[in-house]
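Peer 1: Encoded as structure tokens, here's the structure I'll be asking about.
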Amino acid sequence: MRQDFTPPIPRPGPRRRPVFTAAALIGVCLTAAGCADGDGGQAPGTAAPETASRSASSSPATAPSSSSSAPAPESGSSTGSGSTKPLPQGPLSGRTVVIDPGHNPGNRDHAREINAQVKMGTGHKECDTTGTATNSGYAEALFTLDVSRRLRTLLEKEGAKVVLTQDGDRPFGPCVDERARIGNEEKADAAVSVHADGAATGNRGFHVILPAAVHGDGADTAKIVVPSRELGVRIAGNFVRTTGSAPSNYIGEDTGLDTRDDLGGLNLSTVPKVFIECGNMRDPKDDALLTSKGWRQKAALGIADGISSYLTR
Ligand code: ZN
């Protein structure tokens, strides 16, 4: 891939909303170790290998095999976790943001249910996965919930209606197709799935995952590819500014951006949506950031500012 993009250098100062240039380029997964998360990834102690299937090109990924004979998870109407309290008037009044905390702390106790296969546009994939964890055992599912709740608070202060796909209020999941459906049914103006990666030590930094052009089997991302990139670029730029973290050194060729066609949560979305992998839980230096409440607040602020920038552009 071309490398004519220079990531912005974080600068101290008041809240600003820098934007990556439109020249920011699509990155690809360069190493197997860097392909460990997204909809995939398993916490230590679970049977499934950590490395999730994904493609380094636009070719469809091979659906992972499963010995599960679990029934298909529920489909139909989806329910997210929305707030009922009155919202302040703000720049995001009238806008809806769906935040998707990746995985679920209860997934590890529901292997049969989360291993059930669901359609995801380019094949089938597990309903959901346990996610990864730091070497000391801080689960990605707890990280994603914490950052998502902080993000909700920040966005609600700006007047947005915020819906979480799960708020620690269900025993497992939702499945990846329902995670997408919640955003669709809310007619979200923007949707963000929050994750942290589980790659090898030495792999550091964040990256934002953008939807590829996918058509078929219930998926059609034609209308969201461009706006999702705009959303992702703004989140990446603000994330650099608020956290001081550099874009990933193992995915995306230093752009902090990656494009994938193997994530049901993106393939099945009909609203602008991105994933963010906030760091690598298995790297000791990133671990120190991800386990810090103060850093998680900065991470949430960067994501919130990116969303706000996108919605008020
Ligand atoms: Zn994840």
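The values are calculated or read from the model by the stated rules, or taken from the named source; none is laboratory data. Quick caveat, the model's predicted, so the values are computed rather than measured. Cβ sites come from the backbone with ideal geometry, for glycine too, and all protein chains shown count toward neighbours. Surface accessibility is based on the protein's heavy atoms, side chains included, excluding ligands, DNA and RNA. Shrake-Rupley method; radii C 1.70, N 1.55, O 1.52, S 1.80 Å.
Peer 1: Among N249, N203, which is the only one that is over 17 Å from the mean Cα position of the chain (by Cα), under 12 Å from E277 (Cβ atoms) and of a type outside the set (D, E, K, R)? Give the derivation first.
Peer 2: On the way: N249 fails: under 12 Å from E277 (Cβ atoms).
Matching residue, one of N249, N203: N203.
Peer 1: G159 fails exactly one of the following numbered conditions: (1) touching a helix residue (DSSP H, G or I) at 6+ places or on another chain (Cβ under 6 Å); (2) not in a helix (DSSP H, G or I). What is the number of that condition?
Peer 2: Every listed condition holds for G159 apart from (1).
Peer 1: Could you check the stretch 254-272 and list, in sequence order, the residues that are in a strand (DSSP E or B) and either over 23 Å from L151 (Cα atoms) or open to solvent by 10 Å² or more (accessible area, probe 1.4 Å) (or both)? Write out each step before concluding.
Peer 2: Restricting attention to the stretch 254-272, the residues satisfying the condition of being in a strand (DSSP E or B) are 257-260.
Residues satisfying the conditions are T259, R260.
Peer 1: Could you tell me whether the stretch 246-253 includes any residue that is buried (at least 24 other Cβ atoms within 10 Å of the Cβ) and away from the ligand (no atom under 16 Å from the Cβ)?
Peer 2: For the stretch 246-253, residues buried (at least 24 other Cβ atoms within 10 Å of the Cβ) and away from the ligand (no atom under 16 Å from the Cβ): present.
Peer 1: Is at least one residue of the stretch 230-243 in contact with a Pro (Cβ under 8 Å, 6 or more places away or on another chain) and either within 16 Å of the ligand (Cβ to nearest atom) or part of a loop (DSSP other than H, G, I, E, B) (or both)?
Peer 2: Checked against the condition, which is being in contact with a Pro (Cβ under 8 Å, 6 or more places away or on another chain) and either within 16 Å of the ligand (Cβ to nearest atom) or part of a loop (DSSP other than H, G, I, E, B) (or both), the stretch 230-243 yields no hits at all.
Peer 1: Could you say whether any residue in the stretch 176-195 is modelled with pLDDT of 95 or more, within 16 Å of the ligand (Cβ to nearest atom), in a loop (DSSP other than H, G, I, E, B) and open to solvent by less than 10 Å² (accessible area, probe 1.4 Å)?
Peer 2: No: the stretch 176-195 contains no residue that is modelled with pLDDT of 95 or more, within 16 Å of the ligand (Cβ to nearest atom), in a loop (DSSP other than H, G, I, E, B) and open to solvent by less than 10 Å² (accessible area, probe 1.4 Å).
Peer 1: From the list A304, A299, A222, pick out the single residue that is open to solvent by 10 Å² or more (accessible area, probe 1.4 Å) and of a type in the set (A, V, I, L, M, F, W, C).
Peer 2: Numbers: A304 fails: open to solvent by 10 Å² or more (accessible area, probe 1.4 Å); A299 fails: open to solvent by 10 Å² or more (accessible area, probe 1.4 Å).
The conditions single out A222.
Peer 1: Looking at the structure I just gave you, is T153 of a type in the set (V, I, T), touching a helix residue (DSSP H, G or I) at 6+ places or on another chain (Cβ under 6 Å), under 14 Å from I303 (Cα atoms) and surrounded by fewer than 24 Cβ atoms within 10 Å (Cβ to Cβ)?
Peer 2: Working: of a type in the set (V, I, T): yes; touching a helix residue (DSSP H, G or I) at 6+ places or on another chain (Cβ under 6 Å): no; under 14 Å from I303 (Cα atoms): yes; surrounded by fewer than 24 Cβ atoms within 10 Å (Cβ to Cβ): yes.
No: the conditions fail for T153.
Peer 1: I need the full set of residues from the stretch 94-112 which are part of a strand (DSSP E or B) and within 11 Å of the ligand (Cβ to nearest atom), in order please. Let's see the steps before the verdict.
Peer 2: As a first pass, look at the stretch 94-112 and keep what is part of a strand (DSSP E or B): 96-101.
The answer is D100, P101.
Peer 1: Please tell me if F275 is at pLDDT 95 or above, open to solvent by less than 10 Å² (accessible area, probe 1.4 Å) and assigned to a strand (DSSP E or B).
Peer 2: On the way: at pLDDT 95 or above: yes; open to solvent by less than 10 Å² (accessible area, probe 1.4 Å): yes; assigned to a strand (DSSP E or B): yes.
Yes.
Peer 1: State whether the residues of the stretch 151-161 include one that is under 26 Å from R282 (Cβ atoms) and in contact with a Ser or Thr (Cβ under 6 Å, 6 or more places away or on another chain). Let's see the steps before the verdict.
Peer 2: Step one: filter the stretch 151-161 for residues under 26 Å from R282 (Cβ atoms), giving 151.
Subset that is in contact with a Ser or Thr (Cβ under 6 Å, 6 or more places away or on another chain): none.
No, the stretch 151-161 contains no residue that is under 26 Å from R282 (Cβ atoms) and in contact with a Ser or Thr (Cβ under 6 Å, 6 or more places away or on another chain).
Peer 1: Exactly one of (1) outside any strand (DSSP E or B); (2) touching a Ser or Thr at 6+ places or on another chain (Cβ under 8 Å); (3) not aliphatic (A, V, I, L, M) is unmet by S308. Its number?
Peer 2: Here S308 clears every test but (2).
Peer 1: Further question: Please tell me if N203 is outside any loop (DSSP other than H, G, I, E, B) and at pLDDT 95 or above. Give the derivation first.
Peer 2: On the way: outside any loop (DSSP other than H, G, I, E, B): no; at pLDDT 95 or above: yes.
Criteria not met by N203.
Peer 1: Which one of these is open to solvent by less than 50 Å² (accessible area, probe 1.4 Å) and under 17 Å from the mean Cα position of the chain (by Cα): G106, G90, G131, G121? Show your work before the answer.
Peer 2: Working: G106 fails: under 17 Å from the mean Cα position of the chain (by Cα); G90 fails: under 17 Å from the mean Cα position of the chain (by Cα); G121 fails: under 17 Å from the mean Cα position of the chain (by Cα).
One residue alone meets the criteria, G131.
Peer 1: Report yes if some residue within the stretch 235-246 is over 24 Å from L289 (Cα atoms) and in contact with a helix residue (DSSP H, G or I) (Cβ under 7 Å, 6 or more places away or on another chain); otherwise report no. Lay out the reasoning, then the answer.
Peer 2: Of all residues in the stretch 235-246, those over 24 Å from L289 (Cα atoms) come to none.
Looking through the stretch 235-246, none of the residues is over 24 Å from L289 (Cα atoms) and in contact with a helix residue (DSSP H, G or I) (Cβ under 7 Å, 6 or more places away or on another chain).
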